[in-house]
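Every number here is computed from the coordinates shown, using simple stated rules; none is lab data. Here the structure is a predicted model, which means the values were calculated and not measured. Glycine gets a Cβ as well: all are built from the backbone with ideal geometry, and neighbour counts include every protein chain shown.
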Amino acid sequence: MNIVLLGAPGAGKGTQAALLEEKYGLVHISTGDIFRANIKGGTPIGKVAKSYIDAGKLVPDEVTCDIVKDRLTRDDVKSGFMLDGFPRNLFQAEELDKFARIDVCVNISVDFSLIMDRICGRRVCSCGASYHISSLGGRTTCEKCGKPLYQRADDNPETVGARLETYKTQTAPLIDYYKAQGKLLTVECGNATPAEVFAMICGKLDGLNK
Ligand code: AMP
């Protein structure tokens, strides 16, 4: 099964992807993670991506599509993959349909009023784990691997405002794109915990195979 995970910044795509990876053995591909690794490594892609990411804008389509296309040529995706953060606009969705088969789009729908606090309070670990400061009780290291937690450079109020605007104008139209293809599964999160959201997603995915 090949899945696209859709949702506003802070909807919990990364958290759900980690859980889905564990349960279904799907390979997790996050374009944001790939860009951050390139920025850290000082690569040419990282140099291009940084200014866009810092401004809350989308990295140009040619760069992003090439990265995903290339990643999907690796053998490990043959038994199923999950795209987290790609596609983010209609052009990318149409390109993706040319080089891969997508079975389902899981749309994680959250209340916009919760997002600013969620993202600005987010602390992450290089292992992929993500926390909110309100649940850390002052702890500064990862519960899973012990490494130090840090705040993403783009998790600040100005950039989050721009990222939300980018989501509304460019990414949200993908909901209709996948609906028209009969591939959309929407999970309304409300105040649900990550575990509850995960249960809802699994219920919907398992329902597809019956
Ligand atoms: P994320 O980790 O998914 O929140 O992505 C962080 C940032 O990386 C985004 O705000 C964009 O600037 C950039 N980015 C990630 N995925 C894409 C994409 N599919 N297209 C363009 N830019 C992207």
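Table for the structure above
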quantity	calculated
Residue list for the range 141-171, filter: away from the ligand (no atom under 13 Å from the Cβ) and either touching a helix residue (DSSP H, G or I) at 6+ places or on another chain (Cβ under 8 Å) or at positive phi (or both)	146, 157
Per-region count, the range 20-30, residues surrounded by 20 or more Cβ atoms within 10 Å (Cβ to Cβ) and part of a helix (DSSP H, G or I)	1
Test for residue 27: is it free of Cβ contacts under 8 Å to residues at least 60 places away in the same chain, within 11 Å of the ligand (Cβ to nearest atom) and among the aliphatic types (A, V, I, L, M)	no
Residue 109, sole failed condition from (1) in contact with an Asp or Glu (Cβ under 6 Å, 6 or more places away or on another chain); (2) within 14 Å of the ligand (Cβ to nearest atom)	(2)
Count - residues of the range 76-102 that are more than 11 Å from the ligand (Cβ to nearest atom) and in a loop (DSSP other than H, G, I, E, B)	4
All positions within the range 103-128 that are assigned to a helix (DSSP H, G or I) and closer than 29 Å to residue 144 by Cβ	114, 115, 116, 117, 118, 119, 120
Subset of the range 31-75 (residues that are near the ligand (Cβ under 8 Å from one of its atoms), assigned to a helix (DSSP H, G or I) and not β-branched (Val, Ile, Thr))	32, 33, 35, 36, 49, 52, 61
Residue in the range 52-66 that is closer than 30 Å to residue 207 by Cβ and under 16 Å from the mean Cα position of the chain (by Cα) present	no
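Yes/no matrix, rows are residues, columns are (1) farther than 27 Å from residue 3 by Cβ; (2) of a type in the set (Gly, Ala, Ser); (3) out of contact with any His (no Cβ under 8 Å at 6 or more places or on another chain):
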position: 117; (1), (2), (3): yes, no, yes
position: 122; (1), (2), (3): no, no, no
position: 143; (1), (2), (3): no, no, yes
position: 153; (1), (2), (3): yes, yes, yes
position: 165; (1), (2), (3): no, no, yes
position: 184; (1), (2), (3): no, no, yes
